[in-house]
1. Cβ neighbours within 10 Å, averaged per peptide: list 400-406, 194-200, 439-445, 41-47 in order, most packed at the top.
2. Can you pull a Stokes-Einstein diffusion coefficient for segment 44-98 at 25 °C (0.890 mPa s), Rh from Kirkwood over Cα pairs, as a whole number of µm²/s?
3. Express the C-alpha Rg of segment 2-44 as a ratio against the empirical globular expectation 2.2 N^0.38 Å, rounded to two decimals.
4. Give the lysines whose C-alpha is closer than 26 Å to that of LYS9, dropping any in the same chain fewer than 8 places away, or say none.
5. In what order, largest first, do LYS9, LYS52 sit by accessible area if the probe radius is 1.4 Å?
6. Enumerate the whole-percent occupancy of each 5 Å bin, from 0 to the last occupied one, for all C-alpha pair distances of segment 188-292.
7. Taking only Cα atoms of the chain, what ratio of Rg to Rh do you get with Rh as the Kirkwood inverse-distance radius?
8. Please sort 123-132, 318-327 by packing, taking for each peptide the average over its residues of neighbouring beta carbons within 10 angstrom, highest first.
Amino acid sequence: MPITVLPEKVASQIAAGEVIERPASVVKELLENCLDAQATLITIQIEKGGRKLIEVSDNGIGIPPGELELAVARHATSKLHEAEDLFHIKTLGFRGEALASIGSVSRMTLISKIAENLEGAVMEVDGGRIKAMMPSAADKGTSVRVQDLFFNVPARLKFLKKDQTERLQIDSLVTRYALAYPNVKFHLIQDGKLILKTSGNGDRREVLANLFGVDIARQMLQVDLVESPMEISGYISPISLTRSNRKEITFFVNGRWIQDAALNAALLQAYHTLLMVGRYPISILLLTLPAEDVDVNVHPAKAEVRFHQTDRLFSLVQRAVRRSLLVNSPVPQVNAGYWRPIAQPVHQKDLWSTPAIAPSSNISDEITGSQESGTTPIGKDQEIASRLPILRLVGQVGATYLIAEAPDGLYLIDQHAAHERVLFEKYKRQHQSQIPSQSLLEPAILTLSHSAAEEFQGKLVTLSHLGFEIEPFGAGSFIIRSLPSILVGSDPQAAVRVVIEDFEEDETPLQNEIEDRIIARICKRAAIKAGKVLAADEQLALLRDLEACESPRTCPHGRPTMIHLSVDLLERQFGRRGSR
Ligand code: ADP
Ligand code: MG
C-alpha cells in the first residue's frame with residue numbers, strides 16, 4: 001500500500017488508544033486532572049465497570065466557560081507553555097491529550113464553574129464532536145461524565161474484560177491515589193454502592209486502615225528518610241505479612257503513580273533473605289525529588305518515568321526500607337506491655353501508635369545509632385540483620401522451644417521453624433549440585449484425579465531436579481521410585497501429596513520460585529515437629545546449624561524462628577532500671 005496520511009478521525013482514535021486503553025485509564029486521567037486543579041474532594045461514580053458510566057467530579061479551580069472548547073482539543077493544556085517547561089513538570093498532566101482522547105471514544109459531558117462566576121457551563125461531546133454548549137447551574141469545580149466508552153471503537157470494546165475485572169482495576173487505582181493523597185477526600189461509588197471513602201484529614205495510616213482493614217494497617221511499618229534533595233516516605237509490610245504476587249507494591253514519584261523495575265528491585269532487595277522466595281511485600285512508597293531529575297515525558301499513559309540518578313534513588317529506597325524493617329522487627333520482641341506489672345498504669349494501645357513490637361533490642365539500637373551519621377553501608381545493614389550472636393544452649397521447654405542465652409539477652413527458639421530454616425538452606429545448597437536421593441525398597445503408587453494428574457505431569461521434570469524419581473503409570477497413576485533423602489522414612493504418597501498441594505495463584509511464577517516453594521514444603525514436612533523431646537546433643541546441633549544459617553531469624557515461609565528478650569527488657573521488667 002502507498003503511504004497516505006490517516007484521516008483525522010482514525011489518527012485521533014489511534015492516539016486515544018495509547019492513552020485510553022480501558023475504563024481505569026479514563027479514571028486515572030480524570031483523577032489526575034482533579035488533583036492538578038487542587039481539588040480537596042473527588043467523587044467517582046462508576047457503572048458496569050465503567051463501560052456504561054464513569055463520572056468524576058471535583059471541587060477544584062474549574063475551567064472558565066471560554067476555555068471549555070479548548071479543554072477537549074488535542075494538545076491544548078493550561079499546564080505547559082513552552083518546550084523548556086517539559087523539564088520541570090510539577091503537574092500530573094502536561095500533554096493536553098486526555099480529554100480529547102476520552103471525548104473521541106465516548107459520549108462525554110463536561111460541566112465546570114470557576115469561583116469568580118455565578119454560573120457554570122456544560123458542554124457535550126459525542127465521539128469527538130462538540131454537540132452542545134450552554135450555561136448551567138453548578139458548584140465550583142468540574143464534573144466529567146463519560147458514557148458508552150468505546151461505543152465507536154468496537155475493537156477496543158471487544159478487549160474489555162468482565163465488568164468485575166474492570167471494576168477491580170478501578171478500585172485498586174483509586175485506592176492507591178487515596179493513599180498517596182491523604183489530604184484529599186475520595187468517594188468511590190460503584191453501581192450505587194459506596195466502595196471507598198476517605199476523610200481527607202491527612203492521616204495516611206487512617207487511609208490504610210480504611211482500605212486494608214485495621215489489622216493490616218496496624219502492622220504496616222512506616223518508612224521515612226530524607227536525603228536532601230530526595231525524600232521517601234510511606235508504608236511497607238513486615239516480613240510476616242506477604243502476598244504471592246507483586247501487585248501490591250506501589251510507587252509514587254512526585255505524586256505520580258508509576259511502574260519501575262529498578263525501584264521494585266530495590267524494595268525486594270531490602271527484604272532479601274527475610275522473605276521466602278515467591279512472597280512479596282505490600283507497600284506504598286512515595287518518593288519526592290526535584291522535578292528536574294525526573295523525565296515524565298517517556299510513556300503514553302505517563303505510567304513510567306526516567307530518572308537522572310537511578311543509582312542514588314535505588315540506594316535510598318533500599319536503605320530506607322531495610323532500616324524500617326530492622327528497626328521495627330529484627331527479631332520479634334515480646335511486647336513489653338504484656339509483661340507490664342499491674343501496678344503501673346496501662347496505656348490504652350492507640351490504634352495508630354507504633355506496632356506492638358518495640359524497637360528496643362541492641363540490634364536496632366545499633367542501627368538507629370549509625371542511622372544518624374547517615375553513613376551505614378548497605379552491606380553492613382544486611383549483615384546485622386542476619387547474623388546471630390553465639391548462643392549458649394540452656395535447654396528445651398514444652399518439648400517445643402529451645403532456650404538459649406547470648407550477651408544481648410535470652411532467645412526462645414521454635415524448634416520446628418528453626419529446623420525448617422536449617423533444612424531449607426541445606427537443601428538449597430545441595431540443589432546447586434545434586435540433591436541426594438534414595439530409592440524406595442518398594443516403589444509406591446500414587447493415583448490422582450484427572451485434572452490433578454495433568455497438572456502433576458507438568459511438574460515431573462521440576463520434581464526430578466529436586467530428588468524425586470516419579471513416572472507416569474497410566475490413568476492418573478504415578479510410580480514413585482525415589483525420594484529426596486531428607487524425606488526418607490516418611491510415607492511416600494503423603495510426601496508427594498504435600499508437594500503438589502495447590503499453589504497460590506501468581507501471574508508469573510519463575511522456575512526457581514516454584515522450586516523454592518516446593519523445597520520449602522518439603523522442609524516443612526521433614527522438620528522436627530513441635531512436641532518432640534530432643535536429646536541435649538540434638539538441641540545443640542540444631543542451635544549450631546541455625547547459627548550457621550544465612551537468614552536464621554525466619555523460617556522459609558517468613559515466620560519468625562525466635563523471640564528475643566533483650567537484657568534491657570528484662571532489667572526494666574524486674575525494676576532494675578528506670579521504668580519507661
Ligand atoms: P492536561 O491535563 O495534560 O493538561 P487534559 O486533556 O487532561 O490535558 O486537560 C486539558 C485541560 O483542561 C487542562 O490543562 C486543564 O486546564 C483543563 N481541565 C481538565 N480537567 C480539569 C479539572 N478537573 N479541573 C480544572 N481544569 C481541568
Ligand atoms: Mg490531564
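The values are calculated or read from the model by the stated rules, or taken from the named source; none is laboratory data. In this text, all values refer to a predicted model and were calculated from it rather than measured experimentally. So basically every Cβ, Gly included, is an ideal-geometry build from the backbone, and we count neighbours across all protein chains shown. Only protein heavy atoms, including side chains, enter the accessible area calculation; ligands, DNA and RNA are left aside. Shrake-Rupley method; radii C 1.70, N 1.55, O 1.52, S 1.80 Å.
1. 41-47, 400-406, 194-200, 439-445
2. 183
3. On the way: Rg = 15.2 Å, N = 43, 2.2 N^0.38 = 9.2 Å.
The value comes to 1.65.
4. LYS28, LYS52, LYS79, LYS131, LYS158, LYS161, LYS302
5. From most accessible down to least: LYS9, LYS52.
6. The distribution over segment 188-292 is 2, 11, 19, 22, 20, 14, 8, 3, 1, 0, given as percents.
7. 1.05
8. So the peptides 123-132, 318-327, ranked by packing, come out 318-327, 123-132.
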